[in-house]
Every structure is written in C-alpha cells, then in structure tokens.
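Where a number appears in this text, it was derived from the coordinates with a stated rule and is not lab data. No experiment lies behind these values; they were computed from the predicted model shown. Cβ atoms come from the backbone with ideal geometry, glycine included; neighbour counts cover every protein chain shown.
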Amino acid sequence: MTPPADVETAVACAHRRGWALVLAATARVARDLDLAEECVQEAYAAALVSWARDGIPDNPEAWLTTAAKRRAMDAVRREQTFRSKLPLLVEPEETEDEVAIDEPVEPTAVEPEDVVPDERLRLIFMCCHPALAQEAQLALTLRLVCGMTTADIARALLVSEPTMAARMTRAKKKISAARIPFRLPGAAELPDRLRAVLGVIHLLFTAGHTAPSGASLVRTDLVDQSLRLARMLRELMPDEREVRGLLALLLVTDARRATRVDADGRLLRLEDQDRSLWDRSAMAEAHDLIVDGLRGGRPGRYVLQAAIASLYAEAPSYDETDWPQIVTLYDELLSLWPSPVVALNRTVAVSMVAGPAQALAEVAELEKDSRLARYHYLPAVKADLLQRLGRSEEASLAYRQALELTGNDAEREFLAERLTGLHRA
C-alpha cells in the first residue's frame, strides 16, 4: 500500500503537468468536450484508489490517458448501441457540418495532425471555434485545456464566479445543441481562430505570472506552459506579426521572474527589483521580435504591449524610464484595443509624466466602468496615488478595498504591509 499522502501528491502533480494532454487524447476518442472532461475526471478519481493499492505507475500521465480513453470508448459504444437499438421515430436531418461519432472523417490533403503537431495546441485551436463568443472560447479553453479553476478564470476575465460558470455551461450547451463538429481545424481555418488562441495563451501566462489565488505569486507551470505554446505557435505561423508580438511580450515580462519576490517570498515593486538579475537573453530575443513586429504597417495589440514592457525593462532604473514614450504607446494601444485594464495601466505612466493628481482624475473616471468593479488593481493604484498626494485616510480605505478583492497571498501581504506602513506614518 502506498501512503495516501504520496498518492495525493502524485495525482496533484499529474493533474498540474498532464491534465491538458490527457484531455486532448481523450477528446479525440470521445468527440465531445463534456464527455471527455467527465472521463478524465473519473480517471483522476480512480487513480487515488488504484495507485494506493497497486503503487504509483512509472508514467502517471500514460496511466491516466489509458484509463480516461477506455471510459470514453465505453461511453461511445453505449451511445451507439442505444441509437441502434432504439431508433428515433423521426430521424433528424444531418447538416453538412455534422460529424457522427461512428462516421469516418473524410481525409484531406494535409492531415490536421500535420498542420498542428502539438496535442495541447491542437486542442486549443479546436476549442476556439468561431461559432462561440470569444469570451466563451477563452473560458472553455482555459478550463478544459489549461486546467484552471472556474474561480481563477472568473478573476482573469473580471467577472463573478457564478457568471463565469453560467457562461461555460451555456457554451457547452451550444456546442451540443448546434452540433458543432468536434474536429481539428484545417490549415485554412487557423487564421480565423488565431485571435482567440493568442488570447488564451496570454491569459494563461497572466494567470501564471501573478496567480489569481494561492500562496505563491508565480505559478511557474502555467508560465512555462504558455511560453512553450507561444514558441510552437510562432513555428506554426512564423509570418504572423501578432504571434511574434505575443512571444516577445511573454519573454520580456518573464525576464524579471527571479526578482519579483525577495528571499522570504514577499512581493517587490518594480522600482525595488535588482535589474542586474533580469534575464538579458530573453530581453534581447524579445527586442528582436518587437523590431520585426513594428515593421510593415500599424502594429497590433501584442506588439504594442511588448514594446511597452520592453521600455520598462530596458531602462537603467525606474526613474530613468522613458515615461512620455510609454504614455504615447499606451495611447496607440487604447485606440486599437480600448480596454479598461489598459487605461488603468496607462495611469501609472501618466502619474510619472503629469503627476499623481492627473492620474487620480483618470482613475476616478475608470471607477465608473463596471468591468473593473472586481479588479483589485484599481483600488491598489488609487491607494498609491492618494498616498503620494498625502491623502492618507482615503489611501487607507482604498488599500482595504484592494485587500478584499485580492486572492493571491503574496499580493495580500504586500497590500497589508503598505496599509500598516501608512498607519505608522
């Protein structure tokens, strides 16, 4: 018998490393996302019992994949048997797009597996079906492919957890009711799904760079996974400027990973980080990608974000950052992608150019946007600006509001320390 604690650790590790791969393999058998997810969950539950009795296998992911696929095949056979034994009184007409479970897919000149060779990336393209709303594509993919919890996805997309759960349920129902074919897209279909795929990889990185919940500031598994996906996407679509822009954004942002917390795990502000420890090779690679992305017309959203992040990273010090240029780039980004989060990030640069009072006035306007009602960085930025203006009581209130909305322990500790320091002052 294997100790229960060892089994739970092994299952948790296999979930973190292998969930997406196990789901992708199972989905190809089940041809149905709900069924595939159910079978994978059952496989992980079975592992808790089987591994305690028989020992932890040498290859846990392979064990889980086999167990989940067997469950999926059994379910498919049962469904086929039911359909053959109990024919419907009125057979519904099949649409041209409909693919039956027991009906072979016509081969194409280039097999989808050859177009998108990575299992996880194939599943992301598969889930980003244009028939679904983009938010539904993002939520489903982050949940099914990346294994993120509904609560963390809700935080990432700035909505409540019940709202996000309802959206995912509606998306799954639409897939089922509309008989959206669960198949790999061909090469000609990839560009239509690229925007959503880029959004998924970016949100996955964001959730790893600063975990929405938990004790650690960074979830290295999500960061590394998103970087790997971005590199594979660039190999797949090397001529897409936004693909290069996304990879550059991830590289230059992650270059600071080693300095974002101190030896005790406490969060460090950008101005307090040791720039000599930043990953210069990653920054240089990002710089080259940004230069390529800025050529040939108006840059896209990810190229501009990467350029902003690069200006922060390449400055000799925080005070020597080219703040006017950053504001200019934010203005360009907002004209292309009018996001309230981008507008909030811009206020930090505005405070360094025009002063905290001007930035605070812009934050006050953003407080009217309901999309930021659950975004903890809004009251955190407000608190910092108020503190710089000497308005301590209002800053204290804003820090408390930020604390109530923050789920990450490292960020909560940082905000609590700021609040305590304010009280002492």
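Can you tell me the orientation of helix 134-144 relative to the chain, as the angle in degrees between its alpha-carbon axis and the longest Cα principal axis, to the nearest 10? Here the helix axis deviates by roughly 70 degrees. Rg then Dmax, both in Å and based on the Cα atoms of segment 4-82: 12.6, 41.
Multiplying the residue separation of D274 and M232 by 0.36 nm and subtracting their alpha-carbon distance yields 12.0 nm. Near the amide H of G214, within less than 5 Å, lie the amide hydrogens of D409, all on another chain or at least 5 residues away, with H placed in the peptide plane. Taking the chain as a Gaussian network, Cα atoms linked when under 10 Å apart, which of V291, V218, V200 shows the biggest mean-square fluctuation? Among V291, V218, V200, the largest GNM mean-square fluctuation belongs to V291.
Between 0 and 90 degrees, the angle of helix 301-314 with respect to the longest Cα principal axis of the chain falls at about 50 degrees.
Place +1 on the Cβ of every Lys and Arg and -1 on the Cβ of every Asp and Glu in the chain, take the dipole about the Cα centre, and give the residue among V291, A395, G147 whose Cα lies farthest towards its positive end. Checked the options; the winner is A395. Where the alpha-carbon atoms of segment 24-68 are placed on the principal axes, they occupy 31, 16, 9 Å, in descending order.
Helix 409-424 axis versus longest C-alpha principal axis of the chain: approximately 20°, rounded to the nearest ten. With Cα atoms as the point set, the radius of gyration and Dmax of segment 140-294 evaluate to 17.6, 56 Å.
Size estimate for segment 339-424 follows the Kirkwood approach: the inverse of mean 1/r over distinct Cα pairs works out to 12.9 Å.
Our summary gives the chain a relative contact order of 12 percent, counting only alpha carbon pairs under 8 angstrom and 6 or more residues apart. Quick one: among S310, S370, S351, which has the greatest mean-square fluctuation in a GNM of the chain with alpha-carbon springs under 10 angstrom? Result for the chain, Cα springs under 10 Å: S370 fluctuates most.
For the pair A133 and R77, the difference between a 0.36 nm per residue extended length and the Cα-Cα distance amounts to 17.0 nm. Once you have the Kirkwood Rh of the chain from its Cα pairs, apply Stokes-Einstein at 10 °C and 1.306 mPa s and quote D in µm²/s. Value of D from the Cα-based Kirkwood radius: 67 µm²/s. Using just its DSSP H runs of length 4 or more, each adding -39500 (n - 2.57), the chain gives a mean residue ellipticity at 222 nm of -22000 deg cm²/dmol after division by all residues.
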